[in-house]
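**Student:** One structure coming up, written as structure tokens, with questions to follow.
The values are calculated or read from the model by the stated rules, or taken from the named source; none is laboratory data. Model, not experiment: these values are computed from the prediction. Every residue, glycine among them, receives a Cβ derived from its backbone with ideal geometry; neighbour counts consider all protein chains shown. Surface areas here come from the heavy atoms of the whole protein model, side chains and all, with no ligands, DNA or RNA. Shrake-Rupley method; radii C 1.70, N 1.55, O 1.52, S 1.80 Å.
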Amino acid sequence: MPFISIREVAPRDGLQNEEPIPADGKIQLIDALSRTGVRRVEAVSFVHPKAIPQMADADEVWSRIDRNPDVRYSALIPNTRGAERALAAGFREIEVVVSASDTHNRRNLNRSTDESLDDIAGLIPLVHEAGATLEVIVATSFGCPYEGDIDPERVAGIVERVRADGADRIAFGDTTGMATPRRVKDLLSAVRPDLLHFHNTRGTGLANILTALELGIVEFDASAGGLGGCPYAPGASGNVATEEVVHMLHDMGYDTGIDLDKLLHAAELAERLVGRSLPSGVLRAGPRNRLV
């Protein structure tokens, strides 16, 4: 049975777009997700608390979770200072983000895309010397709320540079849910990532994953309950819901290693933590309508 790797991003990407959740709640969510069979969890981000106050307690959360030896935990960082904090905390899988859109990069990171790429080139040796790996996430790869369409060749140029600088992995982020199957085909015809990160703002998330599967991509981000968004991208609603992705993949004969029942319990916990209903269709369906 073909295996598809899912990285669960609700604890970081999901919760960063909500009102701040107490550390105890974040720890409960990470621990619940770690028991679902998911192999990878994006646990925290090391950003300045004034920029993203929702992640201000990253060190405390990371120090207190019940780490599952079968799960690979990663942290997102915005710059070299963030990398230093993540490495000091003990992370060995680190992600850094740069936007294909210069305008979005300035809104998100207060610098140009080229300035971020220069910073990434400098921090790669720092990460490697610590025995860690660096994944570069190219945000707004499929479109930007400020600049509109993004030329696939611009994304390809960014990938070419960071690979030459020594990046270990590449991911493409659909930051505002502008991706469609056509855009996925166009971009992947120009350059291929290791992993794709889709939002479901316009309801095309699962269609995009299906298109990417047909093109040979086998690693995806997803967020329990469909939590997520981007504070610096107007209209960027949640990520694809992990349980919807798993439901579809299992019915198609793919293996994810994830127990859907346990995943739904984690999504229900996420709902309670944020205090509102989440958009997941599988979460809304009754037990008889679930494939488990």
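**Student:** Considering only segment 39-73, state which residues are under 21 Å from Leu263 (Cα atoms), open to solvent by less than 30 Å² (accessible area, probe 1.4 Å) and in a loop (DSSP other than H, G, I, E, B).
**Tutor:** Ile65, Val71
**Student:** Now a separate question. Is it the case that some residue within segment 191-204 is at pLDDT 95 or above, in a helix (DSSP H, G or I) and not hydroxyl-bearing (Ser, Thr, Tyr)?
**Tutor:** no
**Student:** Moving on to the next point. Just to be sure before I move on: is Thr211 more than 18 Å from the chain's Cα centre (by Cα), under 30 Å from Ala266 (Cβ atoms), open to solvent by less than 40 Å² (accessible area, probe 1.4 Å) and touching a residue at least 12 places away in the same chain (Cβ under 8 Å) in the structure I sent?
**Tutor:** For Thr211, the condition - more than 18 Å from the chain's Cα centre (by Cα), under 30 Å from Ala266 (Cβ atoms), open to solvent by less than 40 Å² (accessible area, probe 1.4 Å) and touching a residue at least 12 places away in the same chain (Cβ under 8 Å) - is met.
**Student:** If you don't mind, another one. Is there any pair linking a residue in segment 130-158 that is within 23 Å of Glu84 (Cα to Cα) to one that is of a type in the set (Asp, Glu) and open to solvent by less than 40 Å² (accessible area, probe 1.4 Å), with Cβ under 7 Å and at least six apart or on different chains, and which?
**Tutor:** Listed pairs, sorted by first residue: Ala132/Glu93; Thr133/Glu93; Glu135/Glu95; Ile137/Glu95.
**Student:** Of all the residues that make up segment 48-76, how many are farther than 14 Å from Glu95 by Cβ, modelled with pLDDT of 95 or more, in contact with a helix residue (DSSP H, G or I) (Cβ under 7 Å, 6 or more places away or on another chain) and not β-branched (Val, Ile, Thr)?
**Tutor:** Residues flagged as farther than 14 Å from Glu95 by Cβ, modelled with pLDDT of 95 or more, in contact with a helix residue (DSSP H, G or I) (Cβ under 7 Å, 6 or more places away or on another chain) and not β-branched (Val, Ile, Thr) within segment 48-76 amount to 7.
**Student:** Which one of these is more than 22 Å from Leu196 (Cα to Cα) and surrounded by fewer than 21 Cβ atoms within 10 Å (Cβ to Cβ): Gly157, Gly131, Gly148?
**Tutor:** Gly131
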